[in-house]
Structure formats: structure tokens, C-alpha cells
Amino acid sequence: MSRINTKTYKHDAYLPDLPIVDWKSIGQSAPKIIPFDYSGPDAPLPSADIVVITWTSAEWAALDHVFVNSGSTRGPYDPTTWRDAWKLYSRNIPKSSAEGLWGYYLLVGITDKSGKDKKVLLFKSETHLSHPPYITGLTEMTKCIIEDAKPEQVYSIGTAGGPTTKTVLGDVALTNSGHIELRKSQNTGVDYNNQTFTSSFYPYVDMIPSAEKLFMPLSSVMTEDELNYLIGKLHEEKKDSAPFGYKDLVNYPLEPSNTDSPKVIEAKDTPLLTTDYYFIAKGNDSAQYSALEMDDTVIGHQAGLMGVDYCYVRNISDPVVADTAQDGTSIPDDVRNEWSSLIYETAGFYTSFNGALTTWAAISGQ
């Protein structure tokens with residue numbers, strides 16, 4: 001595999017836009033904004049049938065693109081003026097919050113398979129299990145959202161690590177179960193650490209095949225040129241990565257020929273793993289999980305305590321990366337971590353598009 005010149009290859013210029021969502025091609029129509037009276041960040045949220053919570057800026061951009069602004073393309077570096085339409089929420093926010101608010105929200109309408117109109121509250125969280133105010137803040141945020149919106153269901157969605165080498169970049173795991181493992185001292189006093197929680201609810205999946213027709217193939221993002229570019233960046237940032245090239249680092253979950261047809265993995269009752277630390281699986285040692293992430297089980301646990309159904313939609317943005325080179329040499333953990341981060345930073349925006357479409361399908365299929 002030939003190397004490319006990282007100084008002449010224009011990484012930003014070659015990354016594609018998210019496409020216009022062609023709802024008509026699957027016999028559907030776009031979600032519609034539902035106006036509501038906004039009285040400021042301390043006011044209660046509007047009521048909703050379903051709450052969808054997402055986390056990072058890339059996930060937020062993809063969620064907005066699918067549910068709010070699907071009629072135009074969106075690039076990873078496009079202006080973020082679309083955020084101006086989202087409303088701030090900070091009811092009962094503790095002083096220890098790093099951001100001073102729970103997050104941002106909008107209300108949209110989706111017509112489900114039965115013809116019923118569903119009110120869906122879209123929520124971009126600024127609270128995280130591994131940041132102040134840690135698990136107590138995340139629990140309180142979930143409690144406030146459910147108290148205000150009074151939903152029947154809560155979806156937590158976003159990027160995730162792959163559990164096995166067969167889970168490829170761009171796939172989406174759909175599950176109703178989560179297992180939690182906490183290490184941070186700020187979280188270890190929790191009385192449900194190392195436990196698994198499963199909702200009796202699992203979405204209808206009839207609309208999943210329609211959503212998959214609209215998925216973005218990650219082979220159009222992580223091309224051979226892009227992967228070579230990122231390997232060059234890895235070599236610049238981690239000197240001990242120099243011995244490892246394309247054939248060492250581009251394993252099955254990243255190989256473009258394997259990422260051209262992303263799919264939904266229906267993982268009913270198969271828990272994802274929630275941690276408060278960054279964890280990359282090796283080989284298939286996490287095959288008992290559907291995905292690896294850093295928030296969901298807290299959301300599900302609190303929703304369950306309040307009698308609300310929950311499920312998780314997690315797009316694979318940082319799949320299992322190689323731990324052994326072709327010659328049998330072990331790839332150091334710091335190199336694996338940096339390589340995984342480079343993949344995530346580039347692909348998270350695009351994999352989240354597939355995750356947002358899966359969320360729409362799960363809701364509209366009811």
C-alpha cells in the first residue's frame with residue numbers, strides 16, 4: 001500500500017458532506033418542528049412521548065441533520081448556526097456543573113407506522129459520567145428531563161466502541177440492556193456498580209431496513225487515502241508508531257471493503273458496557289457486549305426507577321483496532337489509543353448519521 005504525502009493531501013477538502021435525506025425514496029416524510037413557548041433555561045421542558053438524548057458535538061450535528069435539517073447537505077466543518085434554534089435547559093442545575101446547564105433541546109413530530117403522531121424531545125446533553133458533577137449530575141439531569149417531559153420512552157444514542165473485530169465502522173447496535181463498570185472515585189460510591197439493567201421494552205424493527213437504505217457507507221469517508229493520511233498523522237504524534245503501517249493498522253473493522261454496507265445489529269437483551277474510563281477492546285474479548293460507551297446505563301437505571309421504558313442506539317465510531325502487527329509484534333497501548341482517537345475524530349460525525357437514522361426508524365416503526 002503506497003503512502004501519501006500528508007502535506008499535500010487536503011484532509012478537510014476530501015471529507016464528504018452528509019447527504020440530503022431522501023425520505024421519499026423510502027416512502028416517508030421528514031420529521032417536523034413542533035413550536036412551543038420557551039420561558040428560559042430554568043423553565044420546565046415541554047411534554048413529549050419520547051425523549052432522545054445524545055452527547056458530543058458530532059452526534060448533535062448528525063441528530064439535527066436527520067431530525068431537523070434533512071433537506072440540505074452538511075459537512076463536518078460547516079457553520080454551526082443551526083444550533084441557534086436549540087433551547088437551553090438548566091432547571092435545578094448544581095453549582096458543580098462544568099457547563100452550567102444540562103443541555104439543549106428541540107421538539108419534533110414523527111408519524112409512526114400506525115399513523116399516530118409522536119412528540120419527540122431531542123436533547124443534547126452537557127452532562128457526562130466522567131466529568132463534574134459526574135454520576136450524581138447525570139442522574140439528576142435524567143430525573144429532571146423525565147419529570148418535565150413525562151415521556152413513555154427514553155432513547156440514549158451516540159458513538160461507541162466496537163466489542164468485537166466483526167463489528168465494523170459505521171454499524172449501529174440497538175439494545176435495551178446495559179452493564180455498568182465504574183472506577184473514578186467520584187462514582188465508586190454508587191450502589192449499582194457492576195450490575196446489568198434491561199428494559200422490558202424493545203423497539204419494533206420493521207422500519208430498520210428502510211433506514212439502512214439511507215445509511216452512509218464509511219468506505220466513502222475512510223478511503224485508502226484517508227487511512228494512509230491518518231497513519232501519517234499517527235506517526236507524527238506517536239514516535240513509537242513508526243514501525244506500523246497500513247497492513248498492520250487497518251484491520252477487518254476498518255478495511256474499506258468491509259465498511260461499504262453498514263448495518264443495524266439488533267441486540268435485544270444483549271447489554272452494552274458503560275464505563276467512566278476510556279476502554280478499547282482487544283480482539284473479541286468483549287463479545288458479551290453489544291457496544292462500549294460512557295453514559296447509557298445511568299440513563300436507563302434512572303428511567304427504570306421512574307417507570308419509563310428505555311433503549312440505546314449506539315453507532316460504532318471507534319471499532320476494535322489491531323493489537324498485533326503482521327510480524328507478530330505487539331502494538332503498544334499508547335499507539336492503539338491514539339489510532340483509535342484519530343479514527344473516532346474523523347468518523348464520529350458520519351457514523352452518528354447512521355445512528356440518528358436508526359433512532360428515527362425505531363420510533364417511526366412503532
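The values are calculated or read from the model by the stated rules, or taken from the named source; none is laboratory data. Bear in mind that the values here come from a model prediction, so they are computed numbers and not experimental data. Because the Cβ atoms are built from the backbone with ideal geometry, glycine has one as well, and the counts that use them run over all protein chains shown. These area figures cover heavy atoms from the full protein model, side chains too; ligands, DNA and RNA do not enter into them. Shrake-Rupley method; radii C 1.70, N 1.55, O 1.52, S 1.80 Å.
The table that follows gives values for the structure above.
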item: Looking only at the stretch 259-270, and only at residues there that are assigned to a strand (DSSP E or B) and β-branched (Val, Ile, Thr), the one that is least open to solvent (accessible area, probe 1.4 Å); result: Val264
item: Residues located in the stretch 69-112, provided they are β-branched (Val, Ile, Thr), loosely packed, with under 15 Cβ neighbours inside 10 Å and assigned to a loop (DSSP other than H, G, I, E, B); result: Thr73, Thr80
item: Single unsatisfied condition, Val66 versus (1) touching a helix residue (DSSP H, G or I) at 6+ places or on another chain (Cβ under 8 Å); (2) of a type in the set (Val, Ile, Thr); (3) open to solvent by 40 Å² or more (accessible area, probe 1.4 Å); result: (3)
item: Filter pass, Gly283 being in contact with a Ser or Thr (Cβ under 7 Å, 6 or more places away or on another chain), surrounded by fewer than 24 Cβ atoms within 10 Å (Cβ to Cβ) and at pLDDT below 95; result: yes
item: The stretch 123-137 residues that are outside any loop (DSSP other than H, G, I, E, B), paired with ones that are surrounded by fewer than 19 Cβ atoms within 10 Å (Cβ to Cβ) and of a type in the set (Lys, Arg) (beta carbon under 7 Å, 6 or more apart); result: Tyr134/Lys184
item: Some residue of the stretch 312-320 being buried (at least 24 other Cβ atoms within 10 Å of the Cβ) and assigned to a helix (DSSP H, G or I); result: no
item: The stretch 298-351, subset out of contact with any Phe, Trp or Tyr (no Cβ under 7 Å at 6 or more places or on another chain) and acidic (Asp, Glu), residue farthest from Asp171 (Cα to Cα); result: Asp327
item: Scan of the stretch 271-280 for residues that are of a type in the set (Val, Ile, Thr), surrounded by 20 or more Cβ atoms within 10 Å (Cβ to Cβ) and in contact with a Ser or Thr (Cβ under 8 Å, 6 or more places away or on another chain), ordered by number; result: Thr274
item: Given (1) modelled with pLDDT of 95 or more; (2) among the charged types (D, E, K, R); (3) touching a helix residue (DSSP H, G or I) at 6+ places or on another chain (Cβ under 8 Å), index of the condition Glu181 fails; result: (3)
item: First in the stretch 45-69 and in contact (Cβ under 8 Å) with a residue 24 or more places away in the chain, second anywhere and of a type in the set (Asp, Glu) and open to solvent by less than 10 Å² (accessible area, probe 1.4 Å), Cβ under 7 Å, 6 or more apart; result: Trp55/Asp295
item: Pair list, Cβ under 8 Å, 6 or more apart: the stretch 81-93 residue within 12 Å of Ala61 (Cα to Cα), other residue part of a strand (DSSP E or B) and not β-branched (Val, Ile, Thr); result: Arg83/Tyr104; Trp86/Tyr104; Trp86/Tyr105; Trp86/Leu106; Trp86/Lys124
item: Ala362, sole failed condition from (1) within 27 Å of Glu224 (Cβ to Cβ); (2) buried (at least 23 other Cβ atoms within 10 Å of the Cβ); (3) aliphatic (A, V, I, L, M); result: (1)
item: Within the stretch 326-341, considering residues that are under 29 Å from the mean Cα position of the chain (by Cα) and part of a loop (DSSP other than H, G, I, E, B), the one surrounded by the most Cβ atoms within 10 Å (Cβ to Cβ); result: Ile331
item: Checklist (1) among the aliphatic types (A, V, I, L, M); (2) in contact with a helix residue (DSSP H, G or I) (Cβ under 7 Å, 6 or more places away or on another chain); (3) free of Cβ contacts under 8 Å to residues at least 60 places away in the same chain applied to Val313, failing item; result: (3)
